[in-house]
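Presented below is the structure to which this report refers.
The values are calculated or read from the model by the stated rules, or taken from the named source; none is laboratory data. The shown structure was predicted, so the numbers you read here are calculated from the model rather than taken from an experiment. Cβ placement follows ideal geometry from the backbone for every residue including glycine, while neighbour counts extend to all protein chains displayed. Only protein heavy atoms, including side chains, enter the accessible area calculation; ligands, DNA and RNA are left aside. Shrake-Rupley method; radii C 1.70, N 1.55, O 1.52, S 1.80 Å.
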Amino acid sequence: MRYTIILFFLTLFSARAQQHCGYDFSSYIVMHIHEDGKSENISNLKVTLVDSLGNDVINVNNKYSWNKSGQIMKFYENYRIDDAGKKIENTPENQKARWFFPFAKDTYLLSVTNDFPADQMRVKIEDVSENPQYETEIIQLYAFNMYVLCTTQVQQKAQQFGPRANKPVNVVLKKK
């Protein structure tokens, strides 16, 4: 009987220790792209991940992200959803809406693996509209630019020096 009780408690504690976060093994790179003096994110930009030579990065065999294997690594704009979790294009004033990724608000996002080599990558931001207003920018990424979503508060508080983690990359575009 004693062994049964011990085995029960060991199983219970082991199961609790193995609970996982919904974002295990994934991180996000969040880009806040705006004009000088304005806080609104600029919509409809082409934002892609490039290597040190300026070539588009392709997610071969899910090397850099757990989704969109074999495709160019493109950022997408965060969007609003309704109470049912469906995407909303234009939010009516009487409808309650929230951001799909509430930590990112009105920004560009890219899902990457936790071991993503951010220090070797850059982000290329292009205005590809019919009448481009903004100059193309290439921004160097760093490991601290990644949103690591499944960390404990102890790990976050342990980082006292250097740039703060889980903060969007702030990019100010210049007009042509």
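For first residues located in segment 54-74 and among the hydroxyl-bearing types (Ser, Thr, Tyr), partners that are loosely packed, with under 15 Cβ neighbours inside 10 Å and lie 6+ apart or on another chain with Cβ distances below 7 Å form the pairs Ser69/Asn61; Ser69/Asn62.
Residues in segment 93-104: is at least one modelled with pLDDT of 75 or more, part of a loop (DSSP other than H, G, I, E, B) and under 18 Å from Leu45 (Cβ atoms)?
Filtering segment 93-104 down to residues modelled with pLDDT of 75 or more leaves 97.
Cutting the leftovers down to part of a loop (DSSP other than H, G, I, E, B) gives us 97.
The next check asks that each one be under 18 Å from Leu45 (Cβ atoms); those that pass are none.
No: segment 93-104 contains no residue that is modelled with pLDDT of 75 or more, part of a loop (DSSP other than H, G, I, E, B) and under 18 Å from Leu45 (Cβ atoms).
Under the condition of being assigned to a loop (DSSP other than H, G, I, E, B) and not hydroxyl-bearing (Ser, Thr, Tyr), the residues counted in segment 106-120 number 5. Considering segment 124-151, and only residues there that are open to solvent by less than 70 Å² (accessible area, probe 1.4 Å) and either farther than 22 Å from Ser27 by Cβ or at pLDDT below 60 (or both), the residue that is farthest from the chain's Cα centre (by Cα) turns out to be Pro132. Taking (1) closer than 16 Å to Tyr147 by Cα; (2) buried (at least 19 other Cβ atoms within 10 Å of the Cβ) in turn, Trp66 satisfies each apart from (2).
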